[in-house]
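J.: Sharing a structure here in structure tokens format.
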Amino acid sequence: MNIQTTLLLVSFILTAILGAIVVPILKKKKIGQVVREDGPKSHLQKNGTPIMGGIVIILVVTAIMAFFVKDYPILILPMIAICGYGLIGFLDDFKKLILKDPEGMSPKMKMVGLFIVTAILIGLYLFVFDLGTSIIIPIFDQPISLGIPIFILFAAFILLATTNAVNLTDGLDGLATGVSAIIMTFFTLVALRQQNYEMVVFSASTVGACIGFLLFNIHPARVFMGDTGSLALGGAIAITAIILKMPLYLAIVALVCIIDTISVMLQVIYFKATKGKRLFKMAPFHHHLELSGYKETTVVLLFWIVTVICCVIAYFI
């Protein structure tokens, strides 16, 4: 059995076991979701569903990376990404759900935390591991080298934008988890093609953990990943793309996340410009589709299919 299949199975089994332990604990502690009353009425039944389940994914992937980091030191980068961004999400979830502060972390403090993790990652990437500033241009499949200042700004944008985009996509049962699993499968195949076995280890482990988490997160979800999981997975996707020199490919493989993000931005701009009118029935876009009559499971399946198609296109261009 090859390494990627072995790691996928190991992470899947560990996540399933750990999830079976953690989910009942979260439920017993009443660490549950509070659903917006202005959202789809079908979501009201989700009130009280345990949240912060993303910690299961973080623990499993980090444990596997710790086993391999001696042989593959570069794995320190994705470990910092998934733990660092996950920690910011955990603190936000903790403040909202445990300390009962509906505002959670202030936007300013949250961004400060995200910027700190981002700065650490870029600093290590450039000045410790010396991975260079080149990126591959889609279609042409040719790398170009950016100057260090431009690369720093670009990498920071990719890291921050991707973490927030995955966070916004996490709104339906299994949506962000499934989309992340598909994207990381794409990067596993790319890493194999590049013979980058360090990232094969990380990507395959993340895929397995996501699939294992789907056992609890698929509709009807028994647990939500929360900001803990969505920010961690966003960071994992972003740092993987950067290490593989393929951040521009995120514009293709993460299309559904981009659509959700743009829909939120347009909603805010339109709302302010028209003094209270809405462009979409609700943002992000997946909620607009729900309020337009599509079932939650249909929307999730649609987003998964679109992501698969985008990943296939990205792999062969």
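J.: Please work out if LEU91 is aliphatic (A, V, I, L, M) and modelled with pLDDT under 90.
T.: no
J.: To continue, here is another question. Return yes or no: is MET65 in a helix (DSSP H, G or I) and under 28 Å from GLY212 (Cβ atoms)?
T.: On the way: in a helix (DSSP H, G or I): yes; under 28 Å from GLY212 (Cβ atoms): yes.
So MET65 passes the test.
J.: While we're looking at this one, here's another question. Here are some residues: ILE211, ILE252, ILE258. Which one is within 13 Å of the chain's Cα centre (by Cα), assigned to a helix (DSSP H, G or I) and surrounded by fewer than 22 Cβ atoms within 10 Å (Cβ to Cβ)?
T.: So the residue among ILE211, ILE252, ILE258 that is within 13 Å of the chain's Cα centre (by Cα), assigned to a helix (DSSP H, G or I) and surrounded by fewer than 22 Cβ atoms within 10 Å (Cβ to Cβ) is ILE258.
J.: Output yes when any residue across region 301-309 is at pLDDT 95 or above and buried (at least 19 other Cβ atoms within 10 Å of the Cβ), and no when none is.
T.: yes
J.: Of the residues in region 278-298, how many are in a helix (DSSP H, G or I) and more than 20 Å from the chain's Cα centre (by Cα)?
T.: 5
J.: Shifting gears a bit: List pairs: first in region 119-148 and part of a loop (DSSP other than H, G, I, E, B), second of a type in the set (S, T, N, Q), Cβ under 8 Å, 6+ apart or cross-chain?
T.: Filtered contacts from region 119-148: GLY132/SER145; THR133/SER145; LEU146/THR133; LEU146/SER134; GLY147/THR133.
J.: Next question. Going through region 208-233 one residue at a time, which ones are of a type in the set (Val, Ile, Thr) and over 23 Å from LEU87 (Cβ atoms)?
T.: Listed by number, the residues that qualify are ILE211, ILE218.
The values are calculated or read from the model by the stated rules, or taken from the named source; none is laboratory data. Values in this document were obtained by computation on a predicted structure and should not be read as measured data. Here the Cβ is made from the backbone with ideal geometry for all residues, glycine too, and neighbour counts use every protein chain on show.
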